[in-house]
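Beneath this line is the structure, given in structure tokens, with notes to follow.
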Amino acid sequence: MPKHTSQRELFESQPAWVEDDARRGTIATVVLPDGVDKPLDYLVPEPLAGAVEPGRRVRVPLGRGNRERIAYCVAVRSGELPQQPLKAVAGVEDDAPLLSRRMLDLTKWMADRWLARWGEVLEAVLPSGVRASRKPRLTPLFEATGGNPARKLTPAQAAVLAAAAEPRSADDLAKASGASRAVVSRLVKIGLLREAGAVEKGVGGSAPRKPISHDRPDALSPAQSQALESILAPMRTGRHETIVLFGVTGSGKTEVYLQAVEETLAAGKQAIVLVPEISLTPQTCDRFRARFGSVAVLHSHLTPAERHDQWRLIAAGRVGVVVGARSAIFAPTPRLGLIVIDEEHETSFKQATAPRYHARDVAEWIAREEGVPLVLGSATPSLETFHRCMQGDWKMCRLADRVGGSQLPPVINVDLRDPKSRSRGAVSPRLAAGIKWALDSGGQVMLLLNRRGFATHVQCRACGHTARCPQCDLALTLHQPGNRGICHGCGLVTRLPANCPDCSAPHLVHRGTGTQRLEEEVRGLFPGVRVARMDTDTMRSRGSHERTLDAFRAREIDILVGTQMIAKGLDFPSVMLVGVVHADAALHLADFRAAERTCQLVTQVAGRSGRGTLGGRVVVQTSTPDHPAIVAAAKHDYEAFVRSELPIRQALVYPPFGCVVRFVVRSIDEQAAMNWAGHIADRLRKEVAASGAAAAGVRVLGPAPAPIARLRDRFRWHLQMQGGDGDILRDIVRRATATLQTPDSVAWIIDVDPVEML
Ligand code: ADP
Ligand code: ZN
């Protein structure tokens, strides 16, 4: 045996665990972030007695090697020690708990609810900057020394010095003087500026982007007042209630949130406002910033350190309003008074990686525990939410009309099956006429096409060969310029050949229109008109999204072409025409929510038209004009769709009438993926049979290749379990998977209540 090994063993024979004589002692239960699922008990040694407490992280020896690992302490108890000796906690990581008792309870509940490991949930609710414990960041302040310059000052230097009459941060100085930060550094170097203390970084930096035009209205509409009262009534009595604001875009929902938050702050409490994605909802964030002084906006561009700063300010109660995407629900508000979720139907509220939680359910848990109102707002509430209202669990408030009385725009359906409505491109004659009408009337146009790129696939006219991604089961999308084939599954970029790689025939044809080609077509149809495109390809750089929207608002753009990005929470009074180029693009996906998503998207984007005094129209191009999702969206009658869709869901025991648990198995080896999916399915079926759950309507479907059967060189198989009662399903899964030994060749996931079915 090599020498170092024996030395190590010698070292390990030191008492990392403690033989106990006293029989009584203090035991800490800890959860590891990964590796071991089960909570573990450790003895708390006397010197650490005061420091080991729930919510702090500790170091514990693990396994035969007694390697030290960081773990979350979730409970501490004193009492009789067990027969077999316990190892002892080796040290404490945090000088204060990172997680409150309530957060510990929440994470435990989340782990059970979404069949995740408690440790991974604990990691997920704490921003990484918080876990990497560090000192608060201080920003140095500078002031003018008053010394005499050796040389004549440049105008920029003079401006900075003038601004530095009182201590300010370098950023502030640069902003106030219009000079660059380099000028500030230079002035420090030549001794004309000096450090004058420091401040904690934090809320100060989140100034509004620009002056806001949205003012507080003098009076609420009757519907708004009623909705606000429905929120304030439980708030006053410290009672939990979920209130759903179901109102078309422009019906004044955001104003109701704002005034509810106002009351929350007036009562000395804090509010959390969730939005689908910060960068897509700049207007909503601006309105909160403009109305309230201390708003923490938790967006994805924050560095871990900045996130930590915000987290500490919130925890210290120094921030009244927290606005953020999904994970902002975990903001450590000590005096929570209200939770708002705007656009509650958005799928981004469900996390796509483990733990696969839904922020709406988490919010309900927190709101119930804290006894505070939860407000869900949408023009197109999810069927889950609708159902809860119909059950009487939640209260629905309708805001049926637009504020200011503008009418919802008439919708014209263009039946693409009709030869008369076809054109050479993607814009039908009716749509072109609509665009012309809007432009001639001095209005703006938005065109929605939920497919980016130039052509959706490239095909050989001679042999039918379609260019596919070498590592995914997906056709390559043509992107211009450069004739690049990009895989929208894995992002792989290839140069598309001019001739067919299969039969060498010339001319590959470009099939299907993406936003790039649409933009080109529109430019061709309306020469001289200013067109811009908004999709993930054009919006890669930070701030480009806001710049484009600002330009559109300033009417420097006439036609905005884009993907669903343009359908979100935007308010442009001059938009007179909204065109939906291909309404049923997503209608036939292998997803039981395909119709719901389509209806939501078309309804949402249709609501962008005619918000101003000019009026507006909507043109919807579709090959399925009779589909309930399209019919309802065309009538601005989302509820009609809900009424037609609910019985279908009920018949199939799909949500909201049932629960779905989805398993996805991935492997380089197709056989291995298939076998493992089959093995899981067998185990599930056995459990279903043994527990008599089949009688309760529990079904196992599959395994089968997933709709995207290969992604990044991994074959994908999936299976699904369905039933009326989620708790029964979870129990079956726990029992069926408890002793599974996953082979190295596969990876697999469990997704409870999936929103992504591909
Ligand atoms: P939603 O969130 O439902 O889209 P908003 O709250 O953004 O609706 O309201 C739409 C527009 O009407 C905004 O410009 C808002 O400032 C304005 N508004 C809202 N409520 C009122 C009111 N009671 N009186 C006057 N204007 C209002
Ligand atoms: Zn690919």
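The values are calculated or read from the model by the stated rules, or taken from the named source; none is laboratory data. The structure presented is a predicted model; accordingly, all values stated were derived computationally and were not measured. No Cβ is skipped: glycine too gets one built from the backbone with ideal geometry, and neighbour counts run over all protein chains shown.
Quick notes on this one:
- Lone unmet requirement of (1) part of a loop (DSSP other than H, G, I, E, B); (2) in contact (Cβ under 8 Å) with a residue 12 or more places away in the chain; (3) out of contact with any His (no Cβ under 7 Å at 6 or more places or on another chain) for Leu549: (1)
Residue by residue, here is whether (1) within 15 Å of Ile749 (Cβ to Cβ); (2) outside any helix (DSSP H, G or I) holds:
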position: Gly678; (1), (2): no, no
position: Arg685; (1), (2): no, no
position: Val700; (1), (2): no, yes
position: Ala704; (1), (2): no, yes
position: Ile708; (1), (2): yes, yes
position: Leu719; (1), (2): yes, yes
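- Lone qualifier among Ala629, Ala693 - being closer than 30 Å to Val248 by Cα, more than 16 Å from ligand 1 (Cβ to nearest atom) and surrounded by 15 or more Cβ atoms within 10 Å (Cβ to Cβ): Ala629
- The stretch 120-132 residues that are within 16 Å of Leu313 (Cβ to Cβ), paired with ones that are among the charged types (D, E, K, R) (beta carbon under 6 Å, 6 or more apart): Pro127/Arg307; Gly129/Arg307
- On inspection, Ala379 fails the criterion of being hydrophobic (A, V, I, L, M, F, W, C), away from ligand 1 (no atom under 16 Å from the Cβ) and either surrounded by 14 or more Cβ atoms within 10 Å (Cβ to Cβ) or within 24 Å of Val561 (Cβ to Cβ) (or both).
- Within the stretch 232-317, helices (runs of 4 or more DSSP H) holding 2 or more residues that are free of Cβ contacts under 8 Å to residues at least 40 places away in the same chain and either more than 19 Å from Lys568 (Cβ to Cβ) or not aliphatic (A, V, I, L, M) (or both): 253-266, 282-291
- For Cys500: the one exception among (1) at pLDDT below 90; (2) under 30 Å from Pro573 (Cβ atoms): (2)
- Of the residues Arg451, Arg388, Arg402, the single one that is of a type in the set (Lys, Arg), under 30 Å from Lys253 (Cβ atoms) and within 16 Å of ligand 1 (Cβ to nearest atom) is Arg402.
- Residue check: Ala736 meets all listed conditions (1) surrounded by fewer than 19 Cβ atoms within 10 Å (Cβ to Cβ); (2) in contact with a helix residue (DSSP H, G or I) (Cβ under 6 Å, 6 or more places away or on another chain); (3) of a type outside the set (Lys, Arg); (4) farther than 22 Å from Leu652 by Cα but one, namely (1).
- Contact map, the stretch 460-472: residues that are at negative phi paired with residues that are assigned to a strand (DSSP E or B) and within 16 Å of ligand 2 (Cβ to nearest atom), Cβ distance under 6 Å, separation 6+ or inter-chain. Pairs shown: Thr466/His457; Thr466/Ala475; Ala467/Val458; Ala467/Gly485; Arg468/Ala475; Cys472/Arg710; Cys472/Leu711.
- Residue ID - nearest to Gln516 (Cα to Cα), chosen from residues in the stretch 457-501 that are within 16 Å of ligand 2 (Cβ to nearest atom), in a loop (DSSP other than H, G, I, E, B) and aliphatic (A, V, I, L, M): Leu476
- Just so you know, in the stretch 458-481 the residues that are under 14 Å from Ala498 (Cα atoms) and touching a His at 6+ places or on another chain (Cβ under 9 Å) include one that is farthest from ligand 1 (Cβ to nearest atom), and it is Ala462.
- Pairs linking a residue in the stretch 722-750 that is in a helix (DSSP H, G or I) to a residue that is among the acidic types (Asp, Glu), with Cβ atoms under 8 Å and 6 or more positions apart or on different chains, are Gly726/Asp753; Arg730/Asp112; Ile732/Glu687; Arg735/Glu687; Ala736/Glu687.
- Of all residues in the stretch 390-415 being buried (at least 18 other Cβ atoms within 10 Å of the Cβ) and of a type in the set (Val, Ile, Thr), the one that is nearest to ligand 2 (Cβ to nearest atom): Val414
- For the stretch 446-491, the tally of residues that are buried (at least 21 other Cβ atoms within 10 Å of the Cβ) and over 28 Å from Ser667 (Cβ atoms) stands at 12.
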